[in-house]
Amino acid sequence: MSVLICFALKEEAAPFHKIAAGRPGIFTVITGIGRQNAEKSVRSFLNSCSPELVLTCGFAGGLNPELKIGEVVFEIGNRKSEIGNQFIAAGAKPAKFFCADRIATTVAEKKKLRDGTGADAVEMESAAIHAVCAERGIPCATVRVISDTANENLPLDFNALAKPDKNLDFGKLF
């Protein structure tokens, strides 16, 4: 089976690359942060390759107060798939995701998103990737690790460190 695994940042992909290096049929794409970057990157990849499954992976912020840092959560996209059972068997939890246009950095912002969407977790790329896959009839799932809980503020406003294309300006970060 050929699988495309999408990460927004190379830092998110690094642990996976160590495990999957050299395995046939596994492709990774670093999409960049946000819907536009994700859509552009995935469309570009799919113009030359047609995987049997696409996974959008990386970190997500917790909106559900029950989710803890390090928990793996998932949502099956455009087709029902047995892969959900495999995720559960591996210890992942089903969740509803909200694809935001900015990083949710405060408890108040996370609560507002939770109340307004009913989502369990927030991230910034999956909706675009799911939409592209739905157009092409490719099964897609989101698999994310909770990086921060609903009840904690991030240590800084990462949105202030973003370039116009949504990617982080590491010069500003340093």
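The values are calculated or read from the model by the stated rules, or taken from the named source; none is laboratory data. All values reported here derive from a predicted model rather than from experimental measurement. All Cβ positions, even for glycine, are placed from backbone atoms using ideal geometry, and neighbour counts span all protein chains on display. SASA here: full protein model, heavy atoms, side chains in, ligands and nucleic acids out. Shrake-Rupley method; radii C 1.70, N 1.55, O 1.52, S 1.80 Å.
Give me a comma-separated list of calculated 3J(HN,Hα) values for segment 135-145, in order, Karplus coefficients 6.51, -1.76, 1.60 applied at θ = phi - 60°, integers in Hz, x for any Gly or Pro.
Result, ordered by residue: 4, 9, x, 9, x, 9, 9, 9, 10, 9, 9 Hz.
State, to one decimal in nm, how far the label point of GLU52 lies from the label point of VAL107, with both points 7 Å from Cα in the Cβ direction.
Result: 4.7 nm between the two label points.
Counting each pair of different Cα atoms once, what's the Kirkwood radius of segment 49-91 in Å, rounded to one decimal?
With all distinct Cα pairs of segment 49-91 included, I get 12.4 Å.
What residue among ALA150, ALA38, ALA90 has the largest mean-square fluctuation in a Gaussian network model of the chain, using Cα springs under 10 Å?
Residue with maximal mean-square fluctuation among ALA150, ALA38, ALA90: ALA90.
Where a ≥ b ≥ c are the square roots of the eigenvalues of the C-alpha gyration tensor, would you call segment 1-57 rounded, which needs a/c under 1.5, or, failing that, prolate if a/b is larger than b/c, or oblate?
It is oblate, given that a/c is not under 1.5 and a/b is not larger than b/c.
Tell me, in nm to one decimal, what length is gained between LEU156 and LYS96 on full extension, where the rule is 0.36 nm per residue of separation less the Cα-Cα distance?
Taking 0.36 nm per residue and subtracting the Cα distance, the gain is 19.0 nm.
Taking just the alpha-carbon atoms of segment 1-144, what radius of gyration and Dmax come out, in angstrom?
14.6, 44
Suppose all protein chains stay in the model; what accessible area per residue would a 1.4 Å probe give for the chain, in Å²?
Solvent-accessible surface per residue comes out at 53 Å².
Could you tell me what percent of the accessible area of the chain is made up of carbon and sulfur, with a 1.4 Å probe and every protein chain present?
With neighbouring chains kept in place, the figure for the chain is 57 percent.
Counting only C-alpha contacts under 8 Å and six or more residues apart, can you give the relative contact order of the chain as a whole percent?
Contact order relative to length: 30 percent.
Provide the solvent-accessible area of ASP101, counting protein heavy atoms only and rolling a 1.4 Å probe, rounded to the nearest 10 Å².
So the heavy atoms of ASP101 present about 100 Å² to solvent.
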